[in-house]
Amino acid sequence: MVIKRYRAFWFVLTLALTVAALPVGARVIVEAKASPLSAYVGQQIVLQVRVLRPVGTAEGQLSEPEVAGADVSLLGSIDIYTERRGDTDFQVLHKRYAVVPRRSGNLEIRGMEFARAAADATQYTDDPGLPDEAAMSVPAAAETLVINVTAPGRDGERGLPVAELILSDRWSRPPESVPRGEALTRTVTTSARGIAAADLPAVEMPKNRAYILHTDQPELTTEFSADGMHARRTDRFVLLVTESVEVPPIEVPWFDPVDRTQHVARIDRVKLLVSAGSQLRFVSRTPEALRANNRPWLGLGVVICLALGIAYGFRHWRSRAWRRAVHAFRRACVSADAKLAARSLLEIGRLRWPEHPPGNLLAVAERLGGEAAAAAALRELDRCLYRNEDHWDAANCLRTVQRALRRRTGRVASTATPLLKLH
């Protein structure tokens, strides 16, 4: 015990001499910058947070921003580099977030503090009775940012406040020559910058007596890159055309909040022409003809078969993607690969919650039901990635995340993907 006290004394003395030897003003600095400072409801605000820590001083943790009335997602990867200011070299931690306000008024961004974690404060000593303050770095916090948020439409704006929105479509066969009664697939893609895929509007095709329409479930994909969110929505429509018809145009209004200019993304009208060489009589629209033949039942059977085939294909695709993510997570835990484990957990979260995927490991822990053991394991993995270390308790992470996932997914009776099974 005397030896432990002796070592603790020398540790405190060394830490005090290290801090005293730093140049004047060489303390941890937390900088926060948001752009723009005046935004609309639903507009992306890019928040950049930088922590400058003098090289050689104790490490710590940066708390997540606290924003009421907005969605916050981590953008891109965390950058770590060295920067020199005056006579001091700083190690810089650079994080970017996408903040999307959901209501008008003043939006306050606060809570970005950098300090030693209390659980790690005694890791440099063997004496558990040593006060935590002896191993803690000087706390630092960024100033609170205030964003003025207004509702779109006050100045005549229509649509979504995004940097760019593009509409495009693709047909499975040329619409100028459609065999009567055969299936025709139209794929409409909506791409936008500065918005999540879940916020993109649904694209609809009008019903018409000239064709039988089936609408598939949309595919939503959001990429959280360093320059912001990139969203993609894919809508598919299956048509059984019985006669020539003109499909009306598709329009999605949007406005650029930076230039304050109004735009409309548009797909022009399309003419579907039934080829004259086809001898197949698929559907007759008169009541007398419908009573005279039973071929509409054949068309109904084709529609049902198509719907079942599309549903099976979508389910099979999601099942394969889920299994790949699960196997990757298991391999990462076996090989103690922290980066692969984090990517695999985020992919599992994206597949499990496609409309609102979690943006970081702490969000995954919350989606798993707030299990204390799983949350602690994911915080440990997050700290390991932040410090760029390779040592973490992979076995404990595998065990606790497995238990939390089983409890969480067990409450969902019907899902398109198989439950995670880790043995």
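A few notes on this one:
- So Gly370, is it open to solvent by less than 60 Å² (accessible area, probe 1.4 Å), part of a loop (DSSP other than H, G, I, E, B), small (Gly, Ala, Ser) and modelled with pLDDT under 75: yes
- Of the residues making up the stretch 351-393, those that are touching a residue at least 60 places away in the same chain (Cβ under 8 Å) and over 28 Å from Val51 (Cα atoms) number 5.
- Restricting Arg330, Arg403 to those that are of a type in the set (D, E, K, R), in a helix (DSSP H, G or I) and modelled with pLDDT of 80 or more reduces the list to Arg330.
- Against the criterion of being under 28 Å from Gly42 (Cβ atoms) and surrounded by fewer than 16 Cβ atoms within 10 Å (Cβ to Cβ), Ala151 qualifies.
- If only residues of the stretch 230-265 that are among the basic types (Lys, Arg) and part of a strand (DSSP E or B) are counted, the one that is most open to solvent (accessible area, probe 1.4 Å) is Arg232.
- Residue tally, condition of a type outside the set (D, E, K, R) and either in contact with a Lys or Arg (Cβ under 6 Å, 6 or more places away or on another chain) or exposed (fewer than 15 other Cβ atoms within 10 Å of the Cβ) (or both), over the stretch 331-348: 2
- Single residue of the stretch 215-229 satisfying the filter (in a strand (DSSP E or B), open to solvent by 50 Å² or more (accessible area, probe 1.4 Å) and not polar (S, T, N, Q)) that is farthest from Leu273 (Cα to Cα): Phe224
- Checking Arg269 against (1) under 30 Å from Leu213 (Cα atoms); (2) at pLDDT below 80, the condition it does not meet: (2)
The values are calculated or read from the model by the stated rules, or taken from the named source; none is laboratory data. If you're wondering where the values come from, they're calculated on a predicted model, not measured in any experiment. Glycine also receives a Cβ, built like all others from the backbone with ideal geometry; neighbour counts cover every protein chain displayed. Just so you know, the surface numbers come from the protein's heavy atoms only, side chains and all, with ligands and any DNA or RNA stripped out. Shrake-Rupley method; radii C 1.70, N 1.55, O 1.52, S 1.80 Å.
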